[in-house]
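I have placed the structure first, in the form of structure tokens, so that the comments after it can refer back to it.
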Amino acid sequence: MEIFEFDQKLYNEALKEDEREATTLRNIENIMDTLKLTVEEAMAALKIPKDEWEMYVERLEESCNL
């Protein structure tokens with residue numbers, strides 16, 4: 001059995017990334033609802049890099065909001 005040292009800095013960075021993704025998902029949903037855009041149009045309007053689109057579409061599908 002191995003014991004791993006807790007890395008607070010790494011944990012904080014992961015938490016910050018999770019918060020950024022959650023905020024982006026809310027922004028996508030809000031702009032889709034407000035402006036009646038497709039998910040692709042919303043991500044383009046928010047200038048989300050295309051290499052991240054698939055991940056956000058999957059996350060939206062998982063939450064059944066798409």
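The values are calculated or read from the model by the stated rules, or taken from the named source; none is laboratory data. Since this is a predicted model, take the numbers as computed values, not measurements. Because the Cβ atoms are built from the backbone with ideal geometry, glycine has one as well, and the counts that use them run over all protein chains shown. Remember, those area values only see protein heavy atoms, side chains included, never the ligands or the DNA or RNA. Shrake-Rupley method; radii C 1.70, N 1.55, O 1.52, S 1.80 Å.
For this structure, a couple of remarks:
- For the chain, the orientation-averaged shadow of the C-alpha convex hull comes to 6.1 nm² (one quarter of the hull surface).
- Accessible surface of the chain [probe 1.4 Å, protein heavy atoms]: carbon and sulfur percent: 54
- The value of relative contact order for the chain, using C-alpha pairs under 8 Å at least six residues apart, is 25 percent.
- Distance between the pseudo-spin-label points of Leu46 and Glu5 (7 Å out from Cα toward the beta carbon): 3.7 nm.
- Per residue accessible area in Å² of the chain, where ligands, DNA and RNA are left out and the probe is 1.4 Å: 83
- In straight-distance terms, cross-link reach from Lys47 covers every one of the lysines whose alpha-carbon lies under 23 Å from its own, apart from those fewer than eight places away in the same chain; here that gives Lys16, Lys36.
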